[in-house]
Structure formats: C-alpha cells, structure tokens
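See structure below.
Values quoted throughout were computed directly from the atomic coordinates according to the rules given, and no laboratory measurement underlies them. Remember, predicted model here, so these are calculated numbers, not experimental data. Counting neighbours? That spans all protein chains shown, and the Cβs are built from the backbone with ideal geometry, glycine included.
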Amino acid sequence: MKTLNVVALTLLIVGGLNWLLVGLFQYDLVASIFGGQDATLSRVIYTIVGICAIYAFKFFNDVTEDEVAR
C-alpha cells in the first residue's frame, strides 16, 4: 500500500506542477510531451492524475488523526 501512496503522491505533484505552468505561463507540459491535449496518451495521463486525486481523499483521515492526537 505504501508504494501506491508514493505513486499517487508523485503523480499529484506532477499534475500540480503542470497546473502551475498552465496558470503562470499558459504552457501545458503534459500536452506538449504527449502530442496535445486531445492526444490519447495525454488524456490517459490526465485521467490517471485525476484518479490519484480521488485516491488522495483517503489521506484526510491521516491528517485529521494527527490533529486530534495533539
């Protein structure tokens, strides 16, 4: 399970950095690497990052437990 957490976190960071580039410079790194936003591989990457974001909801329990323990 730890490996899945690391993979999800890594992909969320990559996705967040991509959105940072889009917001600041209007440059979509994923689209430029994989052939545009409509390219199949780009859409797969966007979908995987989105699934990781949904998976990351499970981390809210870890955060709230730390706050309650203090």
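Key figures
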| item | result |
| --- | --- |
| Unique match (being touching a helix residue (DSSP H, G or I) at 6+ places or on another chain (Cβ under 9 Å), exposed (fewer than 12 other Cβ atoms within 10 Å of the Cβ) and hydrophobic (A, V, I, L, M, F, W, C)) among Leu29, Leu4, Leu41 | Leu4 |
| Search result, residues across the stretch 39-67 that are aliphatic (A, V, I, L, M) and in a helix (DSSP H, G or I) | Leu41, Val44, Ile45, Ile48, Val49, Ile51, Ala53, Ile54, Ala56, Val63 |
| Gly36, sole failed condition from (1) part of a helix (DSSP H, G or I); (2) out of contact with any Phe, Trp or Tyr (no Cβ under 8 Å at 6 or more places or on another chain) | (1) |
| Residue match in the stretch 45-56 (condition: surrounded by fewer than 12 Cβ atoms within 10 Å (Cβ to Cβ) and touching a residue at least 12 places away in the same chain (Cβ under 8 Å)) | no |
